[in-house]
Amino acid sequence: MSNNNNLPEIFETFAEARKKGFLTMKEEKDKGRKVVGTFCTYTPREVIYAADAISVSLCSTNDETIPEAEKYLPKNLCPLIKSSYGFAITDKCPYMYFSDIIVGETTCDGKKKMYELLGEIKDTHVMQLPHSQNKLSLEIWKNEVKELIKKLEEKFNVKITEEKLKEAIKLCNEERKTIKDFFDLGKLVPSPIKGSEMHEALHSSNYKFDRKLYMEEIKNLTDNLKEKYNNGEHPFDENTPRILITGCPTGGLVDKIIKQIEDVGASVVCFENCVGTKNFEMLVDEENKDPIEAIAERYLNIPCSIMTPNNERMNRIKQYIDEYNIDGVIDVTLTACHTYAIETEKVRRTVEGLGKSYLAIETNYSNSDAPQLRTRLEAFVEML
């Protein structure tokens, strides 16, 4: 794989959005910026920012490159893993292409084995994530944060100081608060924004490398939507059924699930998944702790299904059902994501225990099941 600052030949075939991604990233690389590709919300962005590098989320949300990936990976593997690897080997992801280093974490067995193959074509650093949230796990994870600091210092020939970490913590916390305010719009009845638009606004952050500018845009959008709401302008009425989405990441499923929910007459007001509300509620302690410990603690506490036990996810679902006036919960699992698939039973009990409707969907990035999903979503929304 080429790793210089030229665009790959395949560039000409791409859609506008991806072209924009390539060009923006190329401009940054031409300025001498260093780029760190990440896959998961467990990767501490504060450390990357403290190394004066750009953190980018790597493309892994459609089935375009899956046939290529399946030449090397089993067909019955999670589509997110296959898609991620497919984008790496085909040079079809601008961020993968321009990443100087990739940081992975052992969230699941499929990913950690895929990282071995990825390491053959890109410099890949894997953080060993413990799968429980206790004192011993925190010590292990603190050590992994230190190892990442050491790796980035060597890679980029920089010094990650305590001061730089503290600055990065402040920046990331400010961004989290800004996005949390934006997500809180979903608590208004009726919601002033469609769930698909909420998702799009968040996804656009992948193209914005000036974080302060991005925050400004989100703040303006939030203020604008509040003003419209106060003037009685909103895409739904007070009787529109209100949906919470939980489960696997929903990138790549917007058209098939979120937009179809809206098409059949409901409103997605809350995302309880790793790209949603919970990720922006959790701040890093700026005052009372050593920055490395504070970073480790915040990230280890993410309530993902790979943690055992994972009672905090159930607590969040209960909290959001109440705060967002939820009528129904849709639990989305990607094919072969075992931890989320097994956890659907606990989620169902939690949701139905509160007298709310629950629907579990297992899907992948192909559109072949879209008509069948629409029928199920229609029936679910009608029932509400």
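The values are calculated or read from the model by the stated rules, or taken from the named source; none is laboratory data. Since the model is a prediction, treat every value here as computed from it, not as a measurement. Methodologically, a virtual Cβ is constructed for each residue, glycine included, from the backbone with ideal geometry; neighbour enumeration extends over all protein chains shown. Quick note on the areas: whole protein, heavy atoms, side chains included, nothing else; ligands and nucleic acids left out. Shrake-Rupley method; radii C 1.70, N 1.55, O 1.52, S 1.80 Å.
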Task: Rounded to whole Hz, the Karplus (6.51, -1.76, 1.60) HN-Hα couplings of segment 219-231, x for glycine and proline - done: 4, 4, 5, 4, 4, 4, 5, 5, 4, 4, 4, 5, 8
TODO: Scan around Ile54 for amide H atoms under 5 Å from its own, H built in the peptide plane at 1.01 Å from N, and keep only partners 5 or more places away or cross-chain.
DONE: Lys34, Val35, Val36
TODO: Report, to the nearest 10°, how far helix 291-300 tilts away from the longest principal axis of the Cα atoms in the chain, using its own Cα long axis and a range of 0 to 90°.
DONE: 40 degrees
Task: Among Gln260, Gln128, Gln319: highest mean-square fluctuation, GNM of the chain, C-alpha pairs under 10 Å - done: Gln319
Task: Share, in percent, of DSSP beta bridges within the chain that are antiparallel, nearest 5 - done: 0 percent
- [ ] Mind grabbing the accessible area of His234 for me, 1.4 Å probe, Å², rounded to tens?
- [x] 70 Å²
Task: 3J(HN,Hα) from dihedral phi, segment 190-206, Karplus parametrisation 6.51/-1.76/1.60, rounded to Hz, x for glycine, proline - done: x, 5, x, 9, 6, x, 5, 6, 4, 4, 5, 4, 6, 5, 5, 4, 5
TODO: Calculate how many DSSP beta bridges within segment 14-116 are antiparallel, expressed in % of all such bridges and rounded to the nearest 5.
DONE: 0 percent
Open item on the list: Could you give the length gained by full extension between Lys135 and His338, i.e. 0.36 nm per residue of separation minus their alpha carbon distance, to one decimal place?
Closed with: 70.5 nm
Task: Accessible area expressed per residue, segment 166-383, with surrounding protein chains retained (probe 1.4 Å, Å²) - done: 43 Å²
- [ ] May I ask which of Lys159/Lys208; Lys187/Lys226; Lys82/Lys112; Lys20/Lys164 have a Cα-Cα span longer than 21 Å here?
- [x] Lys159/Lys208; Lys20/Lys164
Open item on the list: Taking just the alpha-carbon atoms of the chain, what radius of gyration and Dmax come out, in angstrom?
Closed with: 20.5, 59
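Which loop GluC sites (Glu not before Pro) in segment 195-278, with loop taken from DSSP, have no more than 14 other Cβ atoms within 10 angstrom of their Cβ? Could the numbers behind the result be given before it?
Details: sites: Glu197, Glu200, Glu216, Glu217, Glu227, Glu233, Glu238, Glu262, Glu272; in loops: Glu233, Glu238.
Here the sparse-neighbourhood loop sites are Glu233, Glu238.
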- [ ] Determine, from the Cβ-Cβ distance of Glu200 and Asn143 and an R0 of 30 Å, the FRET efficiency 1/(1 + (r/R0)^6), rounded to the nearest 0.05.
- [x] 0.20
Open item on the list: Projecting each Cα onto the charge dipole of the chain (Lys/Arg +1, Asp/Glu -1 at the beta carbon, about the Cα centre), which of Ile342, Phe209, Met114 comes out farthest on the positive side?
Closed with: Met114
Open item on the list: Using Stokes-Einstein with the Kirkwood hydrodynamic radius over Cα pairs, what translational diffusion coefficient do you get for segment 124-247 at 10 °C and a viscosity of 1.306 mPa s, in µm²/s rounded to a whole number?
Closed with: 89 µm²/s
- [ ] Please turn the phi angles of segment 145-158 into ³J(HN,Hα) values with the Karplus equation 6.51 cos²θ - 1.76 cosθ + 1.60 (θ = phi - 60°), one per residue in order, whole Hz, x for glycine and proline.
- [x] 5, 5, 5, 5, 4, 4, 4, 6, 4, 5, 4, 9, 6, 10
- [ ] Mind listing the long-range amide H neighbours of Gly104? Cut-off is under 5 Å, sequence gap 5 or more, other chains count too, H placed in the peptide plane at 1.01 Å from N.
- [x] His125, Val126, Met127
Open item on the list: Angle check, please: helix 79-90 long axis (alpha carbons) against the longest principal axis of the chain (alpha carbons), in degrees 0 to 90, nearest 10.
Closed with: 40 degrees
Open item on the list: With the crude spin-label approximation of a point 7 Å out along Cα→Cβ, what separation in nm comes out for Asp109 versus Lys177?
Closed with: 4.3 nm
- [ ] Please work out the C-alpha center-to-center distance from segment 236-250 to segment 327-384 and express it in whole Å.
- [x] 12 Å
- [ ] Could you work out how far apart the two model spin labels at Lys159 and Glu378 are, taking each label as a point 7 Å from the Cα in the direction of the beta carbon, and quote it in nm?
- [x] 6.6 nm
TODO: Put one equal scatterer on each alpha carbon of segment 11-160, apply the Debye formula with no solvent term, and list log10 I(q)/I(0) at q = 0.10, 0.11, 0.20, 0.21 1/Å to two decimals.
DONE: -0.36, -0.44, -1.28, -1.35
TODO: Compute the acute angle (0 to 90°) between the alpha-carbon long axis of helix 16-30 and the principal axis of greatest extent of the alpha-carbon atoms of the chain; round to the nearest 10°.
DONE: 30 degrees
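In terms of the Cα gyration tensor, with a ≥ b ≥ c the square roots of its eigenvalues, is segment 166-383 rounded because a/c is under 1.5, prolate because a/b exceeds b/c, or oblate?
Because a/c hits 1.5 or more and a/b fails to exceed b/c, segment 166-383 counts as oblate.
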